[in-house]
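Here the structure comes first, spelled out in structure tokens, and everything after it is commentary.
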Amino acid sequence: MVLSKLFSSSRSRDKENEKKYIINGYPLTTSPVIPDILKHQVEFKKIKMNGFEKVGLTLAPEGSDLVKPESLELFRKKILAWYPSDPEFCKQLESEFPKNLIAVSIAIFNFDVGESCQEYKLASSVKPSGNGHFTYRKLSECVQCTYFNEDGEEFLAGITFYPAPHGKPQLLKSNNALLYLVFGSVISYPPVDRQKSWFMTKYNQYGRFCSAVGKHVLLKCYRDGIPRHYEYNHVTHCYKTSLCKECLDEFFTYKWIEPKRDTPAAAAPVVTVEKPVPAAATTADAESSSVTRASSTESLIEEFVQVKVDSEDVESDIDAELID
């Protein structure tokens, strides 16, 4: 498949093609993909939270009506669900987005939005090791992620959301799930001990790049303590879990090594991560609350069957307070 087809303009967008790209995955690039709608940009505004330039709003001329309001509402509600603890910040987002808004950018903790919707930068309080660079990956025609790469690891720096233009598919359920999975699998920068991270201590979940599937994945540990890929089926609109040999090997051999850094990261803000309907418990879930190392990863995979979540209710957000 030629990249020119993958990066084609909105003229080639249709529901089935978009779904195929979402399922098969978009390539990692060294520069952001620029959608056609940005040619209408006339203004870029920023919204701060706790001193960080947290959100960027890209606007077309006043009076423009270029995108579907339902698509805009999806991302506005996501931001409010993620960060409910800052009243001043939330107040700026309590009203519906204006119709002339054509892109929304949100920086992940310890990053700021830059001077355009695709640009993110390290917060001034964070000192990199000196060899970092940014890469980009689309998750859908509406969602593009920016990663900060350092020492072979990709850290999510920001999410840029392009609301679906009028006449184009908006795939609300798929984009809702993509946003849930990418936010829930954030790897903190600067790096922290995963076992002591807020995601693991509160919800027994974490994110990592899995080379077996070629993308970042969200892993959830249920009562049996075994990590499983937590994924979304964009055809059936159901969440499912599955075991992965690579991720199991990494989980049981994981060892935290403290990096040498001159500047510690600031305390993280209180955020909320929505939770879809949980996976059904396996027999092992019901009988075990701790995990011991299996004789081999292969035997472990044979022992635990795949668990599927047969629920289509992926739009509803069940909030749970978390501290990053």
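Has segment 65-73 got at least one residue that is at pLDDT below 90, part of a loop (DSSP other than H, G, I, E, B), more than 23 Å from residue 123 (Cα to Cα) and not basic (Lys, Arg)? Checking segment 65-73: not a single residue is at pLDDT below 90, part of a loop (DSSP other than H, G, I, E, B), more than 23 Å from residue 123 (Cα to Cα) and not basic (Lys, Arg). For segment 41-75, taking the residues that are touching a residue at least 24 places away in the same chain (Cβ under 8 Å) and among the acidic types (Asp, Glu), the one that is farthest from residue 164 (Cα to Cα) is identified as 53. Among the numbered conditions (1) surrounded by 17 or more Cβ atoms within 10 Å (Cβ to Cβ); (2) among the polar types (S, T, N, Q); (3) in contact with a Pro (Cβ under 6 Å, 6 or more places away or on another chain), the only one that residue 140 does not meet is (3). Determine, yes or no, whether residue 81 is modelled with pLDDT of 95 or more and among the aliphatic types (A, V, I, L, M). Taking the combined requirement at face value, the residue does not satisfy it.
Pick out the one residue from 168, 202, 173 that is among the charged types (D, E, K, R) and part of a loop (DSSP other than H, G, I, E, B). After ruling out the rest, the residue left standing is 168. Within segment 93-116, being in a loop (DSSP other than H, G, I, E, B), touching a Pro at 6+ places or on another chain (Cβ under 9 Å) and buried (at least 21 other Cβ atoms within 10 Å of the Cβ) holds for one residue alone: 109. When 186, 182 are checked against the criterion of being surrounded by 18 or more Cβ atoms within 10 Å (Cβ to Cβ) and assigned to a loop (DSSP other than H, G, I, E, B), a single residue qualifies: 186.
Taking the criterion of being in a strand (DSSP E or B) and either of a type in the set (S, T, N, Q) or in contact (Cβ under 8 Å) with a residue 60 or more places away in the chain (or both), the residues of segment 135-144 that qualify are 135, 136, 137, 138, 144. Residue pairs whose Cβ atoms lie under 6 Å apart, sitting 6 or more positions apart in sequence or on different chains, and linking a residue in segment 22-40 that is within 25 Å of residue 101 (Cβ to Cβ) to a partner that is at pLDDT 95 or above and hydroxyl-bearing (Ser, Thr, Tyr), are 22/140; 22/174; 29/136; 32/136; 35/162. Selection of segment 76-92 for residues being free of Cβ contacts under 8 Å to residues at least 60 places away in the same chain and either under 20 Å from the mean Cα position of the chain (by Cα) or assigned to a helix (DSSP H, G or I) (or both) yields 76, 79, 80, 87, 88, 89, 90, 91. Return the residue satisfying two criteria in turn: it lies in segment 24-63 and is of a type in the set (Gly, Ala, Ser) and touching a strand residue (DSSP E or B) at 6+ places or on another chain (Cβ under 8 Å), and of such residues it is surrounded by the fewest Cβ atoms within 10 Å (Cβ to Cβ). Restricting to residues being of a type in the set (Gly, Ala, Ser) and touching a strand residue (DSSP E or B) at 6+ places or on another chain (Cβ under 8 Å), the top hit is 31.
Summed over segment 133-153, the residues that are more than 20 Å from the chain's Cα centre (by Cα) and at pLDDT 90 or above give a count of 0.
The values are calculated or read from the model by the stated rules, or taken from the named source; none is laboratory data. Owing to the predicted nature of the structure, the values given are computational and were not obtained by experimental measurement. Neighbour counts are summed over all protein chains in view; Cβ atoms, including those assigned to glycine, are modelled from backbone coordinates with ideal geometry.
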